[in-house]
Amino acid sequence: MKITALAGGIGGSRFLLGARAALPDAEITVIGNTGDDITLHGLRICPDLDTVMYTLGGGISTERGWGRHAETFTVADELATYGVGPAWFGLGDRDLATHLVRTQMLAAGYSLTDVTAALCQRWKPGLRLLPMSDDRVETHVVIETDEGRRAVHFQEWWLRMRAATPAREIISVGAEKARPAPGVLDALANADLVLLPPSNPVVSIGSILAVPGLREALIGTPAPVVGVSPIISGAPVRGMADACLRAIGVATTAGAVGAHYGGRGHRAPGGAGAGAGGGILDGWLVDTADTGTKVPGVTVKARPLLMTDVEATVEIVRAALELAGV
Ligand code: FO1
């Protein structure tokens, strides 16, 4: 079975651990968000790609959910001693090696797709990890300051401001000129199932959909598309998706996010002729706390959605397969 999943960072990675465990023989392709990417100290950092790669490759810091296990921050401390920031982005010593390899390969002319494949040769995540685009697309956030409106990089808004300063607008800088990375459209068109893990609907899934052609590929694929709500009982399970949803005027409920993704139109999962509804979902999994949620044009099922461990996540993946009718 060919499965394609759109994924952001921590939530998406945890979900993928369950998908890989539930379907060891499936060919899983992950279209990873690169909107979180940032250049610091001259190094290109791809947080969501690295979080998927480290989590599935066994190198993640499980207590943080990002960066490497057994990490040290000696270089970051030395930089701070020189008064060179930013202190709000935790750059680990082991993690730095990934950014050094990536940066020198990009400088040598390799694409982000090539770099990601090369890094995954070491980590062996057990799935194919593709960046959403090889072109630079960065999420920036427009905030109000007493000097007026200005844009900050998503990472600064997320980490330094803790998303506490209201986002007036969330922009995928460069998206209009970005092209899907090689293999991305094919992975959506030829999947047996497309999954939307409980990643941040705005800065992860939304950033991926901002790449021209990707939303249309989801609308048009013959595969059933099933999403998993990242919101339970009106709150994000982790992270600050509510601050992002507020910025785009979407309520922080499982139903509102499902409606935001939209239904592809009334059709049996797996049937052809998708796209009548203009949205991207056939099925939407909500937590049992949100039983009764309705989303126009989407089949909604309620199941426990807390990914407390891999076994719990396996059950969620199984529920998604059942909902997809595959
Ligand atoms: N998340 C944090 O909450 N604090 C950090 O200092 C931090 C550093 C960091 C370094 C490398 C990396 O790959 C991810 C990192 N993250 C950190 C996560 C990162 O901010 C993610 O983009 C967000 O968690 C959103 O997915």
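The values are calculated or read from the model by the stated rules, or taken from the named source; none is laboratory data. Here the structure is a predicted model, which is why all the values come from computation and not from measurement. Here Cβ is always computed from backbone atoms with ideal geometry, including for glycine, and neighbour counts include all displayed protein chains. Surface accessibility is based on the protein's heavy atoms, side chains included, excluding ligands, DNA and RNA. Shrake-Rupley method; radii C 1.70, N 1.55, O 1.52, S 1.80 Å.
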Where in the range 205-322 are there helices (runs of 4 or more DSSP H), lying fully within it, with 3 or more residues that are open to solvent by less than 10 Å² (accessible area, probe 1.4 Å)?
205-209, 241-247, 254-261
Please go through (1) hydrophobic (A, V, I, L, M, F, W, C); (2) in contact with a His (Cβ under 9 Å, 6 or more places away or on another chain); (3) at pLDDT 95 or above for Ala276 and return the number of the only condition it doesn't satisfy.
(3)
Pair list, Cβ under 8 Å, 6 or more apart: the range 73-93 residue more than 17 Å from Ile38 (Cβ to Cβ), other residue modelled with pLDDT under 95
Ala80/Ala87
Given (1) part of a helix (DSSP H, G or I); (2) touching a helix residue (DSSP H, G or I) at 6+ places or on another chain (Cβ under 6 Å); (3) of a type in the set (Lys, Arg), identify the lone condition not met by Arg20.
(2)
Counting residues that are in contact with a strand residue (DSSP E or B) (Cβ under 9 Å, 6 or more places away or on another chain) and open to solvent by less than 40 Å² (accessible area, probe 1.4 Å), which helices (runs of 4 or more DSSP H) fully inside the range 63-125 reach at least 1?
93-107, 112-123
Being without any contact (Cβ under 8 Å) to a residue 40 or more places away in the chain and either within 15 Å of Cys244 (Cα to Cα) or more than 12 Å from the ligand (Cβ to nearest atom) (or both) is true for just one of Val137, Val152, Val184. Which residue is that?
Val152
Do you know which residues across the range 275-310 are of a type outside the set (Ser, Thr, Tyr) and free of Cβ contacts under 8 Å to residues at least 24 places away in the same chain?
Ala276, Gly277, Gly292, Lys301, Ala302, Arg303, Pro304, Asp309
Looking only at residues that are touching a residue at least 40 places away in the same chain (Cβ under 8 Å) and part of a strand (DSSP E or B) in the range 31-51, which one is farthest from the ligand (Cβ to nearest atom)?
Ile31
Name the pairs: first residue in the range 52-64 and more than 12 Å from the ligand (Cβ to nearest atom), second residue assigned to a helix (DSSP H, G or I), Cβ to Cβ under 7 Å, at least 6 apart or on different chains?
Leu56/Ser13; Leu56/Leu16; Leu56/Leu17; Leu56/Arg20; Gly57/Trp123
Residue check: is Ala163 more than 14 Å from the ligand (Cβ to nearest atom), crowded, with 16+ Cβ neighbours inside 10 Å and touching a residue at least 40 places away in the same chain (Cβ under 8 Å)?
no
Please work out which residue is least open to solvent (accessible area, probe 1.4 Å), limiting yourself to the range 132-148 and to residues that are assigned to a strand (DSSP E or B) and out of contact with any Phe, Trp or Tyr (no Cβ under 8 Å at 6 or more places or on another chain).
Ser133
Any residue in the range 18-30 that is open to solvent by 10 Å² or more (accessible area, probe 1.4 Å), within 13 Å of the ligand (Cβ to nearest atom), at negative phi and modelled with pLDDT of 95 or more?
no
Residue by residue through the range 154-172, note down the ones that are over 17 Å from the mean Cα position of the chain (by Cα) and closer than 20 Å to Val211 by Cβ.
Glu169
